[in-house]
Amino acid sequence: PTIVAVVPAAGIGSRMQADKPKQYLTIGNHTILEHTLRALNKHPAVSRVVVALHPEDTYFPTLAISQAPWLTAVAGGDSRAESVQNALHTLAAHEWALVHDAARPCISQQDLSSLIDHIQQPAFNGGILATPVRDTMKRAQTKSGSPVVSHTEDRENLWHALTPQLFRAGELLTALNEALEAGANVTDEASAMEFAGHTVRLVDGNPANIKVTRPADLPLATFYLQQGEP
Ligand code: CTP
Ligand code: MG
């Protein structure tokens, strides 16, 4: 089956507080977006890459990678989910969409292979990279206007959802359309697939695959990228 990487890169990176969207900040010789796109294209199972850009993006055309024959750009939307929807319109329904945040440049070839290998079973409608929660997790409630502990959640069954998230393009687009229409909270692809009643495989991924979100994440991502593949 054909796997197409879909990269939402239309955000403005407000929490990063930089002078440009975070995907255009440089680590070493390349922007974060270039690191991400190159890592995805490098994997032999990925046939091409579709990137969703902010409609007023002026940075992308200045990158050498913008001319790559394996890369297509589309306009993103007001939310991450809408950016992914726009990109999915360029895929055939039977193709697999490997959706990966532009802001996660530390994705390893090993984790890409692991996700692709682990969803090859009819019991699953796709899957996501995720990492088990390590801290003790507290459910909060409000008392006298302050948060207090309601109870402790069972950590054994809690995972952090990462990307990539891999689903059939047609199933995912339908799920996103329905979940957004219903007003569901769609913060990743899996949440739309869950809403549709599909089974999403959790694949244990490397916690180094961080989303660059706040300024302190930049030196961390730089460190992980310099480490290279294990
Ligand atoms: N994204 C997108 N379209 C949007 C919003 C976000 O394609 N309308 C992308 C971002 O570019 C990023 C990924 O979704 O690669 C994850 O989003 P996030 O980390 O929240 O990035 P931003 O929205 O840019 O950052 P912030 O929320 O701090 O403004
Ligand atoms: Mg955001």
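What follows is calculated from the coordinates using simple rules that are stated; it is not laboratory data. In this text the structure is predicted, and so the values were computed from the model without any measurement. Every residue, glycine as well, gets a Cβ built from its backbone with ideal geometry; the counts of neighbours run over all protein chains shown.
Overview of values
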| read-out | value |
| --- | --- |
| Residues VAL99, VAL133 arranged by fewest to most Cβ contacts within 10 Å | VAL133, VAL99 |
| Chain lengthening between SER14 and ILE210 when straightened (0.36 nm per residue, less Cα-Cα) | 68.8 nm |
| Fewest-first ranking of SER14, SER108, SER66, SER144, using other Cβ atoms within 10 Å as the exposure measure | SER144, SER14, SER66, SER108 |
| Relative compactness, the chain, computed as alpha-carbon Rg over 2.2 N^0.38 Å | 1.03 |
| Pairwise FRET efficiency - TRP159 versus GLU56, Cβ, R0 = 35 Å, nearest 0.05 | 0.45 |
| Positive minus negative residues near ILE32 (Lys, Arg vs Asp, Glu; Cβ under 13 Å) | +2 |
| Length released on extending from ALA182 to ALA45, taking residue separation times 0.36 nm less the Cα-Cα span | 45.9 nm |
| Interchain or long-range residues, amide H under 5 Å from LYS20's placed H | none |
| Positive minus negative residues near MET193 (Lys, Arg vs Asp, Glu; Cβ under 13 Å) | -3 |
| FRET efficiency, ASN29 to SER144 (Cβ-Cβ, R0 41 Å, nearest 0.05) | 0.15 |
| Under 5 Å, built H, 5+ apart or other chain: amide partners of ILE27 | ILE32 |
| Local electrostatic count, LEU112, Cβ distance below 12 Å [Lys/Arg +1, Asp/Glu -1] | -1 |
| 16 Å Cα-Cα reach of LYS211 towards lysines, excluding residues that sit fewer than 8 places from it in its own chain | LYS22 |
| HN-Hα J in Hz across region 96-113 - Karplus 6.51, -1.76, 1.60, θ = phi - 60°, x for Gly and Pro | 8, 9, 9, 8, 9, 4, 4, 7, 10, x, 8, 4, 9, 4, 4, 5, 4, 4 |
| Amide N of region 133-164 lying under 18 Å from the label point, which is placed 7 angstrom from the Cα of LEU202 along Cα→Cβ | 133-139, 152-164 |
| Length released on extending from ASP117 to THR152, taking residue separation times 0.36 nm less the Cα-Cα span | 9.2 nm |
| Per-residue Cβ neighbour rank within 10 angstrom, fewest leading, PHE60, PHE167 | PHE60, PHE167 |
| Highest average packing first - 179-190, 152-163, Cβ atoms within 10 Å | 179-190, 152-163 |
